[in-house]
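Worksheet: the structure to be examined is printed underneath.
The values are calculated or read from the model by the stated rules, or taken from the named source; none is laboratory data. Treat the numbers as computed from the prediction; the structure is a model and nothing was measured. As a convention, Cβ positions derive from the backbone with ideal geometry for all residues, glycine included, and neighbour counts pool all protein chains shown.
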Amino acid sequence: MSEQIEEIIKKMTLEEKVGLCIGASFWNTTPIERLGVPAMTVSDGPNGLRHVPDMSDPDQRSLPATCFPTASCVSSTWNTELVQQMGEAIAEECIAQNVDVILGPGTNMKRSPLCGRNFEYFSEDPYLAGEMAAHYIEGVQKRGVGTSLKHFAGNNQEYQRFSISSEIDERTLHEIYLTAFEKAVKQAKPWTVMCSYNKLNGTYASENYFLLTQILKQDWGFEGLVVSDWGAVHDRVASFKGGLDLEMPGPQEARVREAVEAVRKGELDEAVVDESVRRILKIIFKAQQTPKGGEFDQEAHHQLAGKIASEGMVLLKNNGLLPLKGQRKIAVIGRGAKSPHFQGGGSSHVNPTKVSIPLEELKKTASNIEFSYSEGYPKGEDFRQDLIDAAVAEAVAADAAILFIALPTYIESEGYDRQNIDLTKQQVALIKAVAKAQPNSVVILNNGAAVAMQDWVEGVAAVLEGWMMGQAGGTAVAEILFGKVNPSGKLSETFPIRLEDTPAYINWPGEAGKVYYGEGMFIGYRYYDEKQVPVQFPFGFGLSYTSFEYSNLKVSQQSFKDVDGVVVSVDVKNVGQVTGKEIVQVYVHDQKCSLRRPKKELKGFNKVELQPGETKTVTIPLDFRAFAFYHPGYHRWITESGEFEILVGASSADIRQKVNVNLESTLVLPSLLNKESTIAEWMQDPRGKEVIAPIIEQMISRGPQKDIKEIEDTEGGIEMGTLEFVKDMPLLSVLMFSQKDLPLPPEEIVQAMLDQVFEA
């Protein structure tokens with residue numbers, strides 16, 4: 001194929017080359033018929049195919065496709081096999097509808113629960129998000145259809161998304177906001193990566209050489225093409241230089257002329273254009289290897305969507321009411337029971353092949369029970385007491401109440417952010433009134449991200465987070481409520497008590513064209529752990545109809561080299577009466593690091609099914625990156641020798657087993673010392689510590705200096721040792737205070753010491 005591509009490039013005119021790098025229409029690349037280059041068709045995803053054949057027709061709907069649960073639900077399955085199966089199913093539908101590349105998965109971090117597009121994103125944790133994204137990609141591409149990993153990078157809000165500059169420090173960028181993308185790129189090799197709209201540290205992502213070329217293509221070895229988000233390109237010449245291969249949508253005749261002229265004037269190297277052409281042709285011809293057309297099994301895909309929904313729903317509270325049994329009459333309350341809220345708004349909005357209606361599915365699942373229905377709340381955010389009164393009357397007359405609580409459909413969508421994390425005033429009042437009248441009340445939530453619950457959660461018997469559950473979610477809810485399915489989902493994001501408690505609260509959504517990621521690495525559970533802020537439900541949390549015990553935690557080696565990694569194993573036993581699935585989570589804590597690190601970080605997980613009384617040994621490998629951190633001084637991931645704590649548990653807040661291990665770093669790193677380095681930095685540097693030792697000994701032998709001997713405070717005089725006083729001062733500055741006693745000027749002494757360090 002490479003020889004064929006090179007021959008085509010030789011025969012292409014400059015106009016054809018540039019034209020190929022800009023779309024021909026909303027969904028299609030530009031064909032070159034005389035050279036046998038066909039158009040390639042792309043279409044929206046990622047929780048199902050949204051293919052509108054003719055975007056010029058405002059009345060045309062997307063073709064029917066399976067609406068799978070959104071990413072917030074999918075990630076809460078913690079089931080990579082299911083995610084891969086979903087990817088394969090979506091690919092089959094792409095083939096049937098003549099689509100070559102689906103635009104997904106969305107892999108941005110959930111920095112704040114306010115992001116309007118959070119339902120499309122997997123998690124607040126980069127490891128979990130990366131695993132989900134990688135297996136989605138592997139599933140789709142296994143069937144010969146491409147993916148577009150998006151939105152790269154720093155796109156964590158919808159507010160001013162076309163222009164806002166995400167200001168992210170180097171370490172935070174790599175550890176939090178690039179890690180999931182990196183994992184997906186290296187593990188699954190997506191055909192395309194889609195750049196985001198926003199600026200990253202002042203430069204549009206579409207023009208960002210550091211992001212698109214240096215990191216993505218050079219450091220990570222990405223071999224596919226980089227495509228713009230639709231309308232994300234501001235300067236086509238600058239985007240060529242930055243590493244953007246394909247601009248969408250088209251046509252953009254003025255852009256073609258602009259780039260052609262830049263090449264002819266010597267402002268743009270034709271070799272840069274050729275490289276983009278090469279990458280595009282590679283993907284076009286790869287797509288052509290998969291025959292298109294035919295049909296897909298709608299019923300099988302519907303069933304798969306239901307299975308994913310049932311594994312992604314999270315049982316947040318249960319006082320023993322669930323699974324329901326013995327009730328003769330149940331009041332079903334809430335518009336969501338008849339008009340299910342199963343997907344978000346925007347480019348991922350799918351035209352479903354069919355929809356399971358929760359109320360109907362409840363009746364099918366429990367045909368011996370009498371169900372009544374009450375609307376409960378209006379379509380929008382108006383307050384209607386009459387609907388609450390009617391719902392309470394139905395609840396009182398029943399043995400139990402099931403409340404389907406869905407945010408208004410317009411609340412969560414691409415294009416804008418949520419203003420709060422609250423349910424509507426009507427919904428809160430409804431829940432409280434019904435729960436007061438009927439203690440056996442179950443709340444089913446349908447939302448794309450965390451919602452506040454503190455006003456009502458204590459009053460209800462059970463809460464099931466149903467998410468945006470996809471077209472088969474109604475069946476999944478019914479099967480969980482009546483015990484046909486044991487819930488096994490766990491939260492892939494923290495549910496805070498209040499919006500004010502969230503990490504990004506002060507820095508959201510930015511101003512004057514910039515949003516500062518002032519919380520740094522501490523998003524999600526990393527923040528709540530560090531600040532010891534109580535939460536409603538922690539990351540990784542989820543209940544079951546059974547219980548699990550953990551024991552016999554082991555590691556393959558107590559001491560190991562970073563390049564070898566270590567294998568963690570733990571026994572998990574189902575001590576309940578029903579079959580269930582447990583998600584074993586492995587976190588790592590660096591006991592001592594030269595830079596600040598979170599108290600724990602997710603580095604592995606495994607979902608295991610257990611029969612009553614059954615015990616299985618769960619094995620999870622931890623590699624170099626499980627113990628590494630990104631060091632901005634070295635501009636790379638490093639490890640440091642020392643003791644690590646491995647924590648195994650059922651959630652980030654429910655650690656069941658711990659073990660300490662010793663890691664030996666194999667890295668030989670250059671010294672970072674310079675003329676401005678502090679005494680503390682000299683002492684932390686292995687070679688620097690030896691070189692500065694004589695000076696430190698002199699300081700200690702001299703004792704407290706006369707001029708800093710005593711410092712007065714409200715408690716009286718205190719003595720401060722010289723070393724403690726000066727350790728955070730530059731060595732050069734310290735020597736300046738004593739230069740009359742020195743044999744050489746301080747600058748020369750420090751330079752000589754640096755020479756010793758770097759000669760070693």
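Provide a single number: the residues in the stretch 44-75 that are surrounded by fewer than 24 Cβ atoms within 10 Å (Cβ to Cβ) and among the polar types (S, T, N, Q). The qualifying residues number 3. Filtering the stretch 621-634 for residues that are assigned to a strand (DSSP E or B) and surrounded by fewer than 16 Cβ atoms within 10 Å (Cβ to Cβ) leaves a non-empty set.
A residue that is under 26 Å from the mean Cα position of the chain (by Cα) and farther than 30 Å from Asn552 by Cβ can be found somewhere in the stretch 638-646. None of Val392, Val434, Val428 is β-branched (Val, Ile, Thr), assigned to a helix (DSSP H, G or I) and either farther than 25 Å from Gly473 by Cα or not assigned by TED's automatic domain parsing to the domain that holds Gly346 (or both) except Val392.
Could you please let me know if Ser551 is more than 19 Å from the chain's Cα centre (by Cα) and assigned to a loop (DSSP other than H, G, I, E, B)?
No: the conditions fail for Ser551.
When restricted to residues that are free of Cβ contacts under 8 Å to residues at least 40 places away in the same chain and part of a loop (DSSP other than H, G, I, E, B), the stretch 350-379 contains 2.
Assess whether Thr409 counts as being surrounded by fewer than 20 Cβ atoms within 10 Å (Cβ to Cβ), modelled with pLDDT under 95 and in the same structural domain as Ile497 (by TED's automatic domain parsing). Before you say what the answer is, go through the steps one by one.
Values: surrounded by fewer than 20 Cβ atoms within 10 Å (Cβ to Cβ): yes; modelled with pLDDT under 95: yes; in the same structural domain as Ile497 (by TED's automatic domain parsing): yes.
Criteria met by Thr409.
Against the definition (surrounded by 14 or more Cβ atoms within 10 Å (Cβ to Cβ), modelled with pLDDT of 90 or more and not in a strand (DSSP E or B)), how does Trp637 come out, yes or no? Spelling it out, it is not the case that Trp637 is surrounded by 14 or more Cβ atoms within 10 Å (Cβ to Cβ), modelled with pLDDT of 90 or more and not in a strand (DSSP E or B).
Among the residues of the stretch 437-489 satisfying the criterion of being among the polar types (S, T, N, Q), assigned to a loop (DSSP other than H, G, I, E, B) and touching a Phe, Trp or Tyr at 6+ places or on another chain (Cβ under 8 Å), which is surrounded by the most Cβ atoms within 10 Å (Cβ to Cβ)? Explain how you work it out, then say what you get.
First, the residues of the stretch 437-489 that are among the polar types (S, T, N, Q): 438, 440-441, 446-447, 454, 471, 475, 486, 488.
Cutting the leftovers down to assigned to a loop (DSSP other than H, G, I, E, B) gives us 438, 440, 447, 454, 471, 486, 488.
Filter once more, keeping what is touching a Phe, Trp or Tyr at 6+ places or on another chain (Cβ under 8 Å): 447, 471, 486.
Numbers: Asn447: 24, Gln471: 26, Asn486: 20.
Within the stretch 437-489, the match that is surrounded by the most Cβ atoms within 10 Å (Cβ to Cβ) is Gln471.
Over 20 Å from the mean Cα position of the chain (by Cα), more than 30 Å from Phe371 (Cα to Cα), at pLDDT 95 or above and not small (Gly, Ala, Ser): does that describe Asn440? Here the answer is no, as Asn440 does not meet what is asked.
Checking each residue in the stretch 229-263 for being assigned to a helix (DSSP H, G or I), within 14 Å of Val277 (Cβ to Cβ) and out of contact with any Lys or Arg (no Cβ under 6 Å at 6 or more places or on another chain) picks out Phe240, Val256, Val260, Val263.
When the stretch 302-315 is filtered for residues that are surrounded by fewer than 23 Cβ atoms within 10 Å (Cβ to Cβ) and either polar (S, T, N, Q) or assigned to a strand (DSSP E or B) (or both), the ones remaining, listed by number, are Gln303, Leu315. Residues in the stretch 552-580 that are surrounded by fewer than 21 Cβ atoms within 10 Å (Cβ to Cβ), within 19 Å of Leu622 (Cα to Cα), out of contact with any helix residue (DSSP H, G or I) (no Cβ under 9 Å at 6 or more places or on another chain) and of a type outside the set (Lys, Arg): Asn552, Leu553, Val555, Ser556, Gln557, Gln558, Ser559, Phe560, Val567, Ser569, Asp571.
Return the only residue of Glu275, Glu299, Glu295 being in a loop (DSSP other than H, G, I, E, B), outside the structural domain of Ala476 (by TED's automatic domain parsing) and of a type in the set (D, E, K, R). I'd like the intermediate steps shown before the answer.
Working: Glu275 fails: in a loop (DSSP other than H, G, I, E, B); Glu299 fails: in a loop (DSSP other than H, G, I, E, B).
One residue alone meets the criteria, Glu295.
Select from the stretch 76-88 the residues that are buried (at least 24 other Cβ atoms within 10 Å of the Cβ) and in contact with a Phe, Trp or Tyr (Cβ under 8 Å, 6 or more places away or on another chain) and list them in ascending order. Within the stretch 76-88, Ser76, Trp78, Val83, Met86, Gly87 qualify.
Considered as a group, the residues in the stretch 508-540 that are assigned to a loop (DSSP other than H, G, I, E, B) and among the hydrophobic types (A, V, I, L, M, F, W, C) include one that is surrounded by the fewest Cβ atoms within 10 Å (Cβ to Cβ), and that residue is Ala512.
Scanning the stretch 94-123 for residues that are acidic (Asp, Glu) and either surrounded by fewer than 24 Cβ atoms within 10 Å (Cβ to Cβ) or in a helix (DSSP H, G or I) (or both) yields a single hit, Glu120. Taking the criterion of being assigned to a helix (DSSP H, G or I) and either under 17 Å from Gln97 (Cβ atoms) or among the charged types (D, E, K, R) (or both), the residues of the stretch 3-60 that qualify are Glu3, Glu6, Glu7, Lys10, Lys11, Glu15, Glu16, Lys17, Glu33, Arg34.
When we screen Leu387, Leu321 for residues that are touching a strand residue (DSSP E or B) at 6+ places or on another chain (Cβ under 6 Å), surrounded by 18 or more Cβ atoms within 10 Å (Cβ to Cβ), among the hydrophobic types (A, V, I, L, M, F, W, C) and modelled with pLDDT of 95 or more, the only hit is Leu321. In this entry, Ser196 is excluded by the filter for residues that are farther than 25 Å from Glu275 by Cβ, touching a residue at least 24 places away in the same chain (Cβ under 8 Å) and either surrounded by fewer than 24 Cβ atoms within 10 Å (Cβ to Cβ) or among the small types (Gly, Ala, Ser) (or both).
Scoring Asn606 on the criteria (1) touching a residue at least 24 places away in the same chain (Cβ under 8 Å); (2) in a strand (DSSP E or B); (3) of a type outside the set (A, V, I, L, M, F, W, C); (4) closer than 25 Å to Glu175 by Cα leaves a single failure, condition (1).
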